[in-house]
1. Using modelled backbone amide H atoms (1.01 Å from N, in-plane), which distant-in-sequence or interchain residues come within less than 5 Å of Asn14's amide H?
2. With the contact rule set at Cα under 8 Å and sequence spacing of 6 or more, what percent relative contact order holds for the range 113-232?
3. Restricting to Cα atoms and excluding each atom paired with itself, what does the Kirkwood estimate give for the range 205-313 in Å?
4. Go through Ala36, Asn14, Phe48 and say which Cα lies farthest out towards the positive end of the charge dipole of the range 1-92; charges sit on Cβ, +1 for Lys and Arg, -1 for Asp and Glu.
5. Between Arg285 and residues 5 or more places away or on another chain, which pairs have amide H atoms under 5 Å apart, with H built 1.01 Å from N, and which residues are they?
6. When a/c is below 1.5 the answer is rounded, else prolate if a/b is larger than b/c, else oblate, so apply that to the range 274-313 with a ≥ b ≥ c taken from the square roots of the Cα gyration tensor eigenvalues.
7. Mind ordering 48-56, 167-175 by average Cβ neighbours within 10 Å, highest first?
8. Between Cys146, Cys302, Cys281, where does the largest GNM mean-square fluctuation fall for the chain, given springs only between Cα atoms within less than 10 Å?
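Read-outs throughout are calculated quantities, based only on the coordinates presented, and are distinct from any laboratory measurement. Since the structure is predicted, the reported quantities are computational estimates derived from the model, not experimental observations. Counting neighbours? That spans all protein chains shown, and the Cβs are built from the backbone with ideal geometry, glycine included.
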Amino acid sequence: MFILLYNLYMERLNFDAIIIGGGPAGITAGIYLKRAGKNVAILEGEMFGGQVATTSLVENYPGVGKIDGSSLALNMMADIKQSGATIIYENATKLHLEGEIKQVETKNYILEAKTVILAMGVRPRQINSELEKKFIGKGVSYCATCDGALYKNKDVAVIGGGNSAFIDAKYLSGVAKSVTLVHRSEKYRVSENVVEETKNLGVKLLPNYVLTNLVGENHLEKVVLKNTISGKEEELEVSGLFIAAGRVPNTELVAGVLNLDDNGFIISQDCKTNIDGVFACGDIRTKELRQIVTATSDGAICATLATFYLNRR
Ligand code: NAP
């Protein structure tokens, strides 16, 4: 009864297409759908631009030269606003994707459309959420470009062995007194050039160590690391710990409804999901390469397929 009354008070809006997520993929999908003359809503509950907005420097997106991520994100936000898409600054809380008319619920709205484009992206992976949560905002961070300035002339560590970890370590080497890059093995997911370049910036590499504890009164003071070969524990005094251990997809809302792979990414062929009229684009779907350029490409493909789908109805 309560749910029924609550739903009656929520505003109902109808669209041709609803896009969930305002990163490069979702924004591109919105621009393409508007150009195809469709009535589109795009939902973004946090920050337009997604991960781009917190990237220090983008150097591999053609036409914009070297640009800081927040500027590129602002440009993209301006583009989606100019497209005329309806912007809803709320997160989706519930999805009903089966059937001809799909429904997306947010805090204040019930949105309906014939097509839904999922572009919710990914979020940083936590290594040990119980340990980390005590120090989030008090020494533990998942975004070097957002929080790096807080560690001017301080000792910091980065955890991870992929592109993000190396980018973060390089960025922090320009701010912090010392940067130690801790990785659980000695196999890095970046080229030898990147490893050398990072070492040359003064970053100390610490392979074969895992995090076992975080220590501090009101703020992080040191981390405890275990050597994976000797099994011995050692302490490293740092006031900042930047975790760059990969990303997990934001697919909780579609679990059990859409086909997901073992890591939770939406299985999709050419951005199509297992439900007619539901498309997935950007980092949230299974793909070989997660980059801005592949996200915008996905957005264009999704929008075009969604347009064909709508035109057939
Ligand atoms: P990633 O490539 O998946 O690397 C994650 C790293 O974290 C790996 O080294 C992994 O170790 C480590 N890791 C994962 N779980 C861990 C745990 N529980 N404890 C300790 N370490 C853990 O993630 P990413 O660096 O975020 O990059 C994601 C994708 O975006 C990649 O395809 C990457 O190339 C791309 N990317 C591109 C750019 C660019 O080109 N400008 C920038 C950033 C990211 P193992 O190696 O042992 O698994």
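1. Glu112
2. Values: 166 pairs, mean separation 24.9, N = 120.
Once divided by the residue count of the range 113-232, the mean separation gives 21 percent.
3. On the way: mean 1/r = 0.0575 Å⁻¹.
It is 17.4 Å.
4. Ala36
5. Excluding prolines and chain starts, which carry no amide H, the hits are Ile266.
6. Numbers: a/c = 4.14, a/b = 1.89, b/c = 2.19.
Taking the square roots of the gyration eigenvalues as a ≥ b ≥ c, the range 274-313 is oblate.
7. On the way: 48-56: 22.8, 167-175: 21.2.
The peptides rank, most packed first, as 48-56, 167-175.
8. For the chain, modelled as a Gaussian network with Cα springs under 10 Å, the answer is Cys146.
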